[in-house]
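Reviewing the structure listed below.
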Amino acid sequence: MGSVTEAFCAVAQLVLLSDNFSILPMVIAEGRRVIANIERTANLFVTKTAYVFALALAVGVAQVPFPFLPRHLTLVGSLTIGMPALLLSLSRNTARAQHGFISRVLRFAIPAGGLAAASTLIAYALTRQIEPVNISLARTASTLTLLGCGLSILILLARSVTIWQRFFIAALIITAGVIIINPFLRSFFALAFPPAHIWVIIVILVITCFILLKVTTRTLLVIDRIGERG
C-alpha cells in the first residue's frame, strides 16, 4: 500500500499508490497486453531476420544478382515492419503470459521467414526465365511478392478485431497499390509495372504463402494448447 513506510515500499514488488485493490485487474490486464504485444512484435522482426538471411544465403550460393535494390527493401520494410510494429505494440491484447517466449517466436519466425524467402526467390527465378534481359521486372516481381508475404504475416499476427486495426492494415495495402499505380512513385522506387502473366505468378505465390502461413499458425496454436494441458 502506498500509505506504508518507505522501507516497505522499497522492498515491495508492487506499490498501490491509491491504496485501492480494485485497480489490480487493470494492472494485470496492462501487463498481459505489454508482454503479448512484445511477443507479436518480436515475431515480426525475427521473421524479417529469417527471410533476409535466407535470401542472402541463397543469392550467394547461386551467384545471381541480388533481387532487390536498397529502395525496394526500404519500401518493404516500411510497409511490413516499421509502421506495422506500431500497430502490434499498441493494440489491445488479453492473452495470458506463458513460458517459452523464445521457442514460440522461433517456431513462428523461421517457417514464416522461410516461406517468404522461398516465394520471393521463385518469383525472381520465374520472371528471369520469362524475361531474361529485364532484371528490373524481376526485381519488381521479387519486391511485390515479398511485400505481399510480409502483409500476410502482419495480418496473421495482428488478428485484427477493432475497426481501426482493420483500417490500418487496409491503409498499408492501399498505399502499396498507389505506389504501383502512380508513375512518379513507381519510378521513385525503381519499380516496373508487371504485365498480366507476371501478376498471375505474384498473386499465386502470395496466396500460397498466406495459406501455408495460416496452416502453420494454426498448427502452432494446437501445439501450444496441448503443451498447456500437459
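Quick look at the values:
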read-out	value
Qualifying residue in region 170-192 (condition: exposed (fewer than 14 other Cβ atoms within 10 Å of the Cβ), closer than 28 Å to residue 70 by Cβ and polar (S, T, N, Q))	yes
Residue match in region 127-136 (condition: in a helix (DSSP H, G or I) and farther than 27 Å from residue 56 by Cβ)	no
Condition met for residue 71 (closer than 22 Å to residue 223 by Cβ and either exposed (fewer than 15 other Cβ atoms within 10 Å of the Cβ) or touching a Leu at 6+ places or on another chain (Cβ under 9 Å) (or both))	no
Among the candidates 86, 44, 55, residue that is closer than 28 Å to residue 171 by Cβ, modelled with pLDDT of 90 or more and hydrophobic (A, V, I, L, M, F, W, C)	55
Close pairs from region 68-81: first over 18 Å from residue 124 (Cβ atoms) and touching a residue at least 60 places away in the same chain (Cβ under 8 Å), partner exposed (fewer than 15 other Cβ atoms within 10 Å of the Cβ) and among the hydrophobic types (A, V, I, L, M, F, W, C), Cβ under 8 Å, at least 6 apart	81/45
Pick from region 128-150, criterion among the polar types (S, T, N, Q) and more than 25 Å from the chain's Cα centre (by Cα), ranking: nearest to residue 68 (Cα to Cα)	136
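Yes or no, residue by residue, for (1) surrounded by fewer than 17 Cβ atoms within 10 Å (Cβ to Cβ); (2) more than 22 Å from residue 172 (Cβ to Cβ); (3) modelled with pLDDT of 70 or more; (4) not acidic (Asp, Glu):
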site: 22; (1), (2), (3), (4): yes, yes, no, yes
site: 63; (1), (2), (3), (4): yes, yes, yes, yes
site: 76; (1), (2), (3), (4): no, no, yes, yes
site: 95; (1), (2), (3), (4): yes, yes, no, yes
site: 115; (1), (2), (3), (4): no, no, yes, yes
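The values are calculated or read from the model by the stated rules, or taken from the named source; none is laboratory data. Predicted model only: the values in this text are computed from it and were never measured. Heads up, the Cβs are rebuilt from the backbone with ideal geometry, glycines too, and the neighbour counts pull from every protein chain shown.
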